[in-house]
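The block underneath contains the structure these notes are about, expressed in structure tokens.
The values are calculated or read from the model by the stated rules, or taken from the named source; none is laboratory data. Just so you know, these numbers come straight off a predicted model, no measurement behind them. We place every Cβ from the backbone using ideal geometry, glycine too, and count neighbours over all the protein chains shown.
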Amino acid sequence: MIDALSKRAFGTLAGSRALKQIASRYGMRSPSSFARRFVAGERIEEAIAAAAAVEARGLTQTLDLLGESVESAAAAEAATDAYLAMFPQIVAADIGRNISIKLTQLGLAIDRDLASANLRAILARARDDGFFVRIDMENSPYVDATLQLFEQAWRDGLTNVGVVLQSALKRSEADLERVLSLGARVRLVKGAYQEPPSAAYQAKSDVDAAYRRMLETLLRRGAYPALATHDPPMIEAARQVAADLRLPADRFEFQMLYGVRRDLQTELHQAGLGVRVYIPYGREWFPYFMRRLGERPANVGFVLRSVIRDR
């Protein structure tokens, strides 16, 4: 119940324009500022530096230009152009070619055809440059459209793409079968969005139970599944299933957020398991930051201590 209340409260704060304006002034003002716990910076150069540091630790990474629910076609086109400009910079930096995107950032909340065209432009360029693109799953009103645009791109030969499914959503186990039938790659997460009881499990135990069922399905039948979790019992469950299946360590990976459980990232890497770090950056960092606080209340204490030190 506490987790649900925390997610609800921080989800509401994430949508506050006033708080976003205040945070934008102070959140990234120095390398030690509070938001940099979870966000690499506002510029692609900062994100690339963070990615290089992650790779120096022996891990892999994916970069995400933060932004969602743009309100104009011009903003969607600007986000698309920013992704297209990102590719040569990543290639020049000689880091791993893996990015994550959100379809409402490409215009899905405005016009589906606009989002589709922008997605295809990104996937085509990514394919030419040897990139893998992961489509992040957003809140429940966008799930159907996200899966449809993903499937259309895949069937048209743009197969350098995977998708995210959230165990919190009651529909996700059926959606998993749908994606597995294509042979596409899935990142499994619990879900950070505030959702109604009609769409999502409200009890943590139910979310966890769905995650366990889905991770087992993925490890048995998935194409290089990505298990995104910082939860030790979930990680142990995945390791046990993989051991029972005699699944080689290079057939799946764990994924974790930038700035969260670096100790666990290192521990898994030292155990010979694949670990990919999700590195967000960009000026639109506030909603993402607030959802991270809502997911794990212990993060609030870290931020408060950082703010006090930075005064």
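Filter segment 52-86 down to residues that are crowded, with 20+ Cβ neighbours inside 10 Å and at positive phi, then give me how many there are.
Total meeting the criteria: 1.
Would you mind finding the one in Gly191, Gly183, Gly162, Gly222 that is modelled with pLDDT of 95 or more and on the phi > 0 side of the Ramachandran plot?
Gly183
Give the residues of segment 41-56 that are modelled with pLDDT under 95 and of a type outside the set (D, E, K, R), sorted by residue number.
Answer for segment 41-56, where residues must be modelled with pLDDT under 95 and of a type outside the set (D, E, K, R): just Gly41.
Glu173 - would you say it is assigned to a helix (DSSP H, G or I), farther than 26 Å from Leu114 by Cβ and touching a residue at least 24 places away in the same chain (Cβ under 8 Å)?
Answer is yes for this residue.
To keep it simple, each residue is scored yes or no on (1) surrounded by fewer than 16 Cβ atoms within 10 Å (Cβ to Cβ); (2) more than 12 Å from the chain's Cα centre (by Cα); (3) outside any loop (DSSP other than H, G, I, E, B); (4) not basic (Lys, Arg).
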{"position": "Glu138", "(1), (2), (3), (4)": "no, no, no, yes"}
{"position": "Val143", "(1), (2), (3), (4)": "no, yes, yes, yes"}
{"position": "Thr146", "(1), (2), (3), (4)": "no, yes, yes, yes"}
{"position": "Leu158", "(1), (2), (3), (4)": "no, yes, no, yes"}
{"position": "Val163", "(1), (2), (3), (4)": "no, no, yes, yes"}
{"position": "Glu177", "(1), (2), (3), (4)": "yes, yes, yes, yes"}
{"position": "Gly183", "(1), (2), (3), (4)": "yes, yes, no, yes"}
{"position": "Leu188", "(1), (2), (3), (4)": "no, no, yes, yes"}
{"position": "Glu195", "(1), (2), (3), (4)": "no, yes, no, yes"}
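Out of (1) crowded, with 19+ Cβ neighbours inside 10 Å; (2) in contact (Cβ under 8 Å) with a residue 40 or more places away in the chain; (3) farther than 19 Å from Asp81 by Cβ, the odd one out for Leu108 is which?
If we test Leu108 against (1) crowded, with 19+ Cβ neighbours inside 10 Å; (2) in contact (Cβ under 8 Å) with a residue 40 or more places away in the chain; (3) farther than 19 Å from Asp81 by Cβ, just (3) comes out false.
Any chance you could count how many residues in segment 55-85 are in contact (Cβ under 8 Å) with a residue 40 or more places away in the chain and part of a loop (DSSP other than H, G, I, E, B)?
The number of residues fulfilling the criteria is 8.
Does segment 202-219 include one or more residues that are assigned to a strand (DSSP E or B) and on the phi < 0 side of the Ramachandran plot?
no
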